[in-house]
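Trainee: Let me give you the structure first, and then I'll get to my questions.
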Amino acid sequence: MIVLPGTLRTKVINGRNGDFIVGTLITQIGEFAIKDPILEQYPEGEFQGRFGIAKIYPSSYAWAGGIKVEVRAILESIDIDMVEEKEIANEPEPDPIDDEAQQEPATTPDDKPSGDASDTKEAKDDKTLDLSILGDIELTDQVKLDPTVDRLTFREQCLLLGKLGYEFDATKQVWNRQ
């Protein structure tokens, strides 16, 4: 792992599975696309600090009638010094959930729950809050989520905490009850 000072610029993209967050890490050695699930809890904006990079690798995907090639980084640690929430120019981009699905081996219907974008939208429109998505997480004044769960579950946990009146503190990487 290498630790570099830099700026993480996050932006919200509206995709077929709902809103998702992607980032760009700007460092002294270059810019890297960040698609880590941990970004799902960050608001749109710029975050200055120190970033532990576990891996840097090239990635490509087909998008909008062409091929996009980017250098990605996987973050192992994030230490935020300063937060500046602001609107970032929104360019269309594929949802990382779809990108991960293409990389996974084929599954049988019994292996993976069925669901499409309409199922996800219906769940979001439902007025009841399903706390079971939190699993073993206890709702105290301060909640720290586990970003190693699958991306869709992590995204749903972030949305649920927001609906429950929690607010994400990027400097401490915890959700605080308001």
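Laboratory data are not the source of any read-out in this text; all were calculated from the coordinates shown. Given the structure is predicted, the values throughout are model-derived calculations rather than measurements.
Trainee: Please state the shape class of the stretch 2-85: rounded when a/c is under 1.5, otherwise prolate if a/b exceeds b/c and oblate if not, all from the C-alpha gyration tensor. Before the final figure, lay out each step's value.
Mentor: Working: a/c = 2.08, a/b = 1.26, b/c = 1.64.
Here the stretch 2-85 falls in the oblate category.
Trainee: At 0.36 nm per residue, minus the direct Cα-Cα distance, what do Val174 and Arg16 gain on full extension? Give it in nm, one decimal, please.
Mentor: Values: separation 158, 0.36 × 158 = 56.88 nm, distance 2.74 nm.
Roughly 54.1 nm would be gained on extension.
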